[in-house]
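First the structure, in the form of structure tokens, and then the observations on it.
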Amino acid sequence: MPVRYALAALILTASPALAQDFPYLTRVENGFEAQHTLRLRFEADESWRAAEPVDRAARFNDVPFEITLSAFLRPDAAIMVHAEHVADLSGASNYDRFPETAWPTPGFRGEGLRCHDIPSDVVEGEHDLAWLRDNGFNPAGSMWIEQHFLSGNAYNDEIVISLITRGASCDEADRPQARFDEMHAVLMARPLSD
């Protein structure tokens, strides 16, 4: 599950991850391909390192999810990509309440840019944050986060893209808008034909 719902809710509601094998996101030459019903390819330029995808199962708000995550990484920023499936088919991946963003492709929705001060002990205790740290981007400190959500398959499949970068603080005056503009420009997404 991504750094979803302004990060704080994820930390409070996610149960411990269980190692699994859900190949919903696979590594390809310049990025990743989503392998469930939301078939997209994600690429970034060579200044971003693509990490190997990992699979896990987790529960969020008592709903079981099967998750594959990866990211394009730099020491100062991360573009996380999650491909997920609601294991009980309850339709929990409904993001219709968020406004359309149409980025990186039509159909995505999002909440906009937010900032959170993340302590190191929180990073240690939360799967995705610890995974980012272990893969070269330490998300402790003032983190500015923008998330985009795409749902499909009766709200049982989803793709979540989380753009994350460090800021000097969470003050609005320190908003690192230029970094987000760069991440918007660098991430390429395109539908895959079957």
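Things to note:
- Matching residues in region 66-79 - criterion: being surrounded by 17 or more Cβ atoms within 10 Å (Cβ to Cβ) and either of a type in the set (G, A, S) or farther than 15 Å from S162 by Cβ (or both): E66, S70, A71, A77, A78
- Filter pass, V86 being among the hydrophobic types (A, V, I, L, M, F, W, C), farther than 25 Å from A185 by Cβ and out of contact with any Asp or Glu (no Cβ under 7 Å at 6 or more places or on another chain): yes
This table checks each residue for (1) among the aromatic types (F, W, Y); (2) modelled with pLDDT under 95.
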residue	(1), (2)
C115	no, no
S120	no, yes
G125	no, yes
W144	yes, no
L150	no, no
T165	no, no
A168	no, yes
D174	no, yes
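- Within region 1-16, considering residues that are touching a strand residue (DSSP E or B) at 6+ places or on another chain (Cβ under 7 Å) and surrounded by fewer than 20 Cβ atoms within 10 Å (Cβ to Cβ), the one modelled with the highest pLDDT: A14
- Tally of residues being part of a helix (DSSP H, G or I), in contact with a strand residue (DSSP E or B) (Cβ under 9 Å, 6 or more places away or on another chain) and surrounded by 16 or more Cβ atoms within 10 Å (Cβ to Cβ) across region 83-137: 5
- Within region 38-62, the set of residues being more than 17 Å from M183 (Cβ to Cβ) and in a loop (DSSP other than H, G, I, E, B) comprises L38, R39, E52, P53, N61, D62.
- Only one entry of A173, A140, A178 meets the criterion of being surrounded by 15 or more Cβ atoms within 10 Å (Cβ to Cβ) and either of a type in the set (D, E) or over 15 Å from the mean Cα position of the chain (by Cα) (or both), and that entry is A140.
- Exactly one residue among A189, A173, A178, A185 is within 23 Å of E33 (Cα to Cα), of a type outside the set (K, R), outside any loop (DSSP other than H, G, I, E, B) and without any contact (Cβ under 8 Å) to a residue 24 or more places away in the chain, and that residue is A185.
- Test: residue in region 63-70 that is among the small types (G, A, S), part of a loop (DSSP other than H, G, I, E, B) and touching a residue at least 12 places away in the same chain (Cβ under 8 Å): no
- Checking region 75-91 against the condition returns no match, with no residue being at negative phi and without any contact (Cβ under 8 Å) to a residue 12 or more places away in the chain.
The values are calculated or read from the model by the stated rules, or taken from the named source; none is laboratory data. Please read all numbers here as calculations on a predicted model, not as lab measurements. Heads up, the Cβs are rebuilt from the backbone with ideal geometry, glycines too, and the neighbour counts pull from every protein chain shown.
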